[in-house]
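Enquirer: Let me begin by handing over the structure; questions about it come next.
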Amino acid sequence: MDLLEKEAKYLDAQRDFLQSRAKSSRPQRKSIKQRRPRDTEQTKQLAKSQEDNQLLNDLVAQQKVYQDNFKAMLAFAPVNDVRMALMTPMESYIRLGKDFNERRKTILSLREEKLDMTYKFIEQKAAGLDINQPYQYSDMFEKFGKHYCVNFAISKYDGVSVFQVGRAIYEQIAGKDEALNNAMGSTTIRESFDTIKCNFMHQRIVSSMNWENEGEDAEKMPDMESNAIFYCRFGDNSAVLATDYIDQDDLHPYDTSNRIRKDVSSGVVLSGHTDADGKKFVVMKRYLMAKYHMYPHKVSQEQQDRFFASMPKCHDTMKTLIVDRLQRNETGCPCAGED
């Protein structure tokens, strides 16, 4: 990313140099005497000067096109890596067997590495950005029968603590607050497989889309199924939350013949700050990549367009609901729950 930014600055400087050369190469205004060439040599020199000037102008124009294209590539750089790799460092292959103790052992063994990698990855994505300003980019693409949705966002919440923001996010993930799913037009059924308070939560979620103005005879989109582990770690003034999907669950296999498998890999980094006036605020950095296994399901293009068109709105909806939740001024440990 740093090399790309340096290249962009170099292109700016090169463009300015070419423009300066083009201006200095323009023929000077001549007197009436000078406008009447006395010999062929002066005519040739004038023609050569005009050719050189035109060449420099063409170079400036070409450089401008190259510069614009390069800056467009630079702006899109945050998602280029995902488009090429089709995964993020937050993901790892997870297989769970049928024995309960072995399943829990596997889940716990991944916790610290998963949270550390999530923190490093998100901080790397946010490097160089002004955390006091809202920031967001989204991308959607299709490869090998799967649809990918990527979102990275930075948002700020004034007058609250890390615990308060963490609690609001946790309740959306844990299903205690279904407002986000309802706002996105889905009904969810959650099945919790294992949980340790303030540590991890493993659950399967089956979602059904319920759109407004959809008649009884309208084509229904297949249900979506996700099987994922949620980890959390809270410090004095910071928090890291991570979610990764299960690749293979021998005890609870995916129902791929009837449901669209949805793989979600996401992370949230929360940090508490205090401004010059002594007022506290929390910065949330959030990265999410969702992968939808559309094959072999036959979903009409209209249904796909309708579903994926709502994806970019998800973060804005989530942020609005978090603000509403924070206005209730509820406190307490966000990962409170049953062991």
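The values are calculated or read from the model by the stated rules, or taken from the named source; none is laboratory data. What you see is a predicted model, and the numbers here were worked out from it, not measured in a lab. Glycine also receives a Cβ, built like all others from the backbone with ideal geometry; neighbour counts cover every protein chain displayed.
Enquirer: If Ser155 passes every condition in (1) modelled with pLDDT of 90 or more; (2) among the small types (Gly, Ala, Ser); (3) assigned to a helix (DSSP H, G or I) but one, which one does it miss?
Expert: That leaves (3) as the condition not met.
Enquirer: Of the residues Met311, Met294, Met284, which single one is assigned by TED's automatic domain parsing to the domain that holds Gln164 and in contact with a Cys (Cβ under 8 Å, 6 or more places away or on another chain)? Please lay out each step first, then the result.
Expert: On the way: Met294 fails: in contact with a Cys (Cβ under 8 Å, 6 or more places away or on another chain); Met284 fails: in contact with a Cys (Cβ under 8 Å, 6 or more places away or on another chain).
So the residue among Met311, Met294, Met284 that is assigned by TED's automatic domain parsing to the domain that holds Gln164 and in contact with a Cys (Cβ under 8 Å, 6 or more places away or on another chain) is Met311.
Enquirer: Mind checking which residues of region 94-119 are β-branched (Val, Ile, Thr) and part of a helix (DSSP H, G or I)?
Expert: Thr106, Ile107, Thr118, listed by residue number.
Enquirer: Which count do you get for residues in region 234-272 that are among the β-branched types (Val, Ile, Thr), under 13 Å from Tyr292 (Cα atoms) and surrounded by 21 or more Cβ atoms within 10 Å (Cβ to Cβ)? Before you say what the answer is, go through the steps one by one.
Expert: First, pick out the residues of region 234-272 that are among the β-branched types (Val, Ile, Thr): 240, 243, 246, 256, 260, 264, 268-269.
Going one step further and asking which of them are under 13 Å from Tyr292 (Cα atoms), we end up with 256, 260, 264.
Filter once more, so that each one left must be surrounded by 21 or more Cβ atoms within 10 Å (Cβ to Cβ): 260.
The qualifying residues number 1.
Enquirer: In region 315-339, what residues are of a type in the set (A, V, I, L, M, F, W, C) and either surrounded by fewer than 11 Cβ atoms within 10 Å (Cβ to Cβ) or at pLDDT 70 or above (or both)? Spell out how you get there, then give the answer.
Expert: So the first thing to find is which residues in region 315-339 are of a type in the set (A, V, I, L, M, F, W, C), and the list is 318, 321-323, 326, 333, 335-336.
Within region 315-339, Met318, Leu321, Ile322, Val323, Leu326, Ala336 qualify.
Enquirer: Looking at (1) assigned to a loop (DSSP other than H, G, I, E, B); (2) over 21 Å from Cys314 (Cα atoms), which one does Gln133 not meet, given that it meets all the others?
Expert: Evaluating Gln133 over (1) assigned to a loop (DSSP other than H, G, I, E, B); (2) over 21 Å from Cys314 (Cα atoms) leaves (2) as the failure.
Enquirer: Oh, and also: Here is a list: Phe230, Phe163, Phe141. Which entry is touching a Ser or Thr at 6+ places or on another chain (Cβ under 9 Å), among the aromatic types (Phe, Trp, Tyr), closer than 19 Å to Cys314 by Cβ and modelled with pLDDT of 85 or more?
Expert: Values: Phe163 fails: closer than 19 Å to Cys314 by Cβ; Phe141 fails: touching a Ser or Thr at 6+ places or on another chain (Cβ under 9 Å).
Answer to the selection: Phe230.
Enquirer: Further question on the same structure: Conditions: (1) under 19 Å from the mean Cα position of the chain (by Cα); (2) within 18 Å of Arg204 (Cβ to Cβ); (3) not β-branched (Val, Ile, Thr). Glu225 meets all but one. Number of the miss?
Expert: Looking at each condition in turn, Glu225 falls short on (1).
Enquirer: When you go through (1) closer than 27 Å to Lys280 by Cα; (2) crowded, with 16+ Cβ neighbours inside 10 Å; (3) at pLDDT below 90 one by one for Met184, which number turns out not to apply?
Expert: Single failed check for Met184: (1).
Enquirer: Go over the candidates Phe163, Phe152 one by one and state the one that is within 13 Å of the chain's Cα centre (by Cα) and surrounded by 16 or more Cβ atoms within 10 Å (Cβ to Cβ).
Expert: Among Phe163, Phe152, only Phe152 is within 13 Å of the chain's Cα centre (by Cα) and surrounded by 16 or more Cβ atoms within 10 Å (Cβ to Cβ).
Enquirer: Same structure again: Return only the number of the condition from (1) more than 23 Å from the chain's Cα centre (by Cα); (2) of a type in the set (A, V, I, L, M, F, W, C); (3) surrounded by 13 or more Cβ atoms within 10 Å (Cβ to Cβ) that Ala276 does not satisfy.
Expert: Of the numbered conditions (1) more than 23 Å from the chain's Cα centre (by Cα); (2) of a type in the set (A, V, I, L, M, F, W, C); (3) surrounded by 13 or more Cβ atoms within 10 Å (Cβ to Cβ), the odd one out for Ala276 is (3).
Enquirer: Inside region 256-304, can you point out the residues that are basic (Lys, Arg) and under 30 Å from Gly159 (Cα atoms)? Show your work before the answer.
Expert: From region 256-304, those basic (Lys, Arg) are 259, 261-262, 279-280, 285-286, 291, 298; that's our starting set.
If the condition is that a residue be basic (Lys, Arg) and under 30 Å from Gly159 (Cα atoms), then Lys279, Lys280, Lys285, Arg286 are the ones that fit.
Enquirer: Based on this model, can you work out whether Val82 counts as modelled with pLDDT of 90 or more and among the β-branched types (Val, Ile, Thr)? Give the derivation first.
Expert: Details: modelled with pLDDT of 90 or more: no; among the β-branched types (Val, Ile, Thr): yes.
Taking the combined requirement at face value, the residue does not satisfy it.
Enquirer: Sticking with this one: Among the candidates Leu270, Leu241, Leu251, single out the residue that is in the same structural domain as Tyr157 (by TED's automatic domain parsing) and in contact with a Cys (Cβ under 7 Å, 6 or more places away or on another chain). Break it down stepwise before answering.
Expert: Working: Leu270 fails: in contact with a Cys (Cβ under 7 Å, 6 or more places away or on another chain); Leu251 fails: in contact with a Cys (Cβ under 7 Å, 6 or more places away or on another chain).
Within the list Leu270, Leu241, Leu251, the selection yields Leu241.
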